[in-house]
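What follows is a set of notes on a single structure, which appears directly below.
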Amino acid sequence: MSVVTPVVAFLAAGERMRGPLESSRTLFVRHNTVIMSVVLLIIAAALIGGGIADL
């Protein structure tokens, strides 16, 4: 769903969406390290929690 939304918005609104999408892209590129760290932390917590639950 998160990938489909910007694609559909760009196809529907065209040039009006270019500014907001560029702004979002810049934000994600600038904070890529933090975003990936949080995602990996969540995956690690899920794996550790599953391992502890199986004990």
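Computed extension length for Ala12-Val38: 6.2 nm, one decimal, from 0.36 nm per residue of separation with the Cα-Cα distance subtracted. To the nearest ten degrees, helix 4-13 and the longest principal axis of the Cα atoms of the chain are 10 degrees apart. Peptides 15-23, 47-55 ranked from most to least packed, by the mean per-residue count of other Cβ atoms within 10 Å: 15-23, 47-55.
Remark: the Cα gyration tensor places segment 4-53 in the oblate category, a/c being 1.5 or greater and a/b not exceeding b/c. Relative to the longest principal axis of the Cα atoms of the chain, helix 18-30 runs at roughly 30 degrees.
Roughly how tilted is helix 32-53, in degrees to the nearest 10 and between 0 and 90, from the longest Cα axis of the chain? For 32-53 against the chain, the angle is about 30 degrees.
Bear in mind that the values in this text are calculations on the coordinates, not laboratory data. Remember, predicted model here, so these are calculated numbers, not experimental data. Here the Cβ is made from the backbone with ideal geometry for all residues, glycine too, and neighbour counts use every protein chain on show.
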